[in-house]
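First up is the structure itself, then whatever we jot down about it.
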């Protein structure tokens, strides 16, 4: 049996009180401790996969269980997996982390790398046998987005049921073998860029692009359309909706003004 592992630093720690959580069929988030932590720390000295951040958790993918559950989900949709489909553990890790961010306001740093382990005997004292790894880039929630998402959250705790529901809703955009492209997939891409870019201006633009992907349906009156739909979605009453409408229009005008200033600054030979 093959298990793949993606390491992550998740925070704030006091919000993550769980030690192990199944977030999707065949996918678990575990707090590193005991034998698995000692094994990973031992291997990391050789593989050097997480030098830039302290590891607190791992996302484990049981490939056999994941593929079996995925085949059942696709069968219900009238589809099937292509032959020789490989498990995309990096995409599954992003799916899991986005589920944590959206459900419980969790910050993250993780390397888009995959460790492979073989399990020959689950009852063994040393069930995980390292079998290889694939390196990848480092992703981290920026300070700007961390401040925006994690402040004023009070005693908000990790909600495993909500996280699993969001992870299930995101399934078609990250699952292995067959993907789905629509306005939500575009929004997820922009949102991920907004989360990880170190530049606050790019985060702002990424978030406005996210909202456009989700809510804009015509090329005219974009500001009014977005402001109106956001007000209806999140406004608690008429007065709150009016205030939300005005606030969003003010924010979106910042984006339009910046866009115009960039266009005016272009050299003549680029026009």
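The values are calculated or read from the model by the stated rules, or taken from the named source; none is laboratory data. Please read all numbers here as calculations on a predicted model, not as lab measurements. Every residue, glycine among them, receives a Cβ derived from its backbone with ideal geometry; neighbour counts consider all protein chains shown.
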Residue match in the stretch 67-82 (condition: assigned by TED's automatic domain parsing to the domain that holds residue 158, surrounded by fewer than 18 Cβ atoms within 10 Å (Cβ to Cβ), modelled with pLDDT under 85 and assigned to a helix (DSSP H, G or I)): no
Residue identified as at pLDDT below 85 and out of contact with any helix residue (DSSP H, G or I) (no Cβ under 6 Å at 6 or more places or on another chain) among 88, 63, 118: 118
Search result, residues across the stretch 83-107 that are farther than 18 Å from residue 180 by Cβ and either in a loop (DSSP other than H, G, I, E, B) or not assigned by TED's automatic domain parsing to the domain that holds residue 147 (or both): 83, 84, 86, 105, 106
Entirely in the stretch 152-265, the helices (runs of 4 or more DSSP H) that have 2 or more residues that are surrounded by 14 or more Cβ atoms within 10 Å (Cβ to Cβ) and touching a strand residue (DSSP E or B) at 6+ places or on another chain (Cβ under 6 Å): 160-169
Within the stretch 219-244, considering residues that are within 22 Å of residue 183 (Cβ to Cβ) and over 28 Å from the mean Cα position of the chain (by Cα), the one modelled with the highest pLDDT: 224
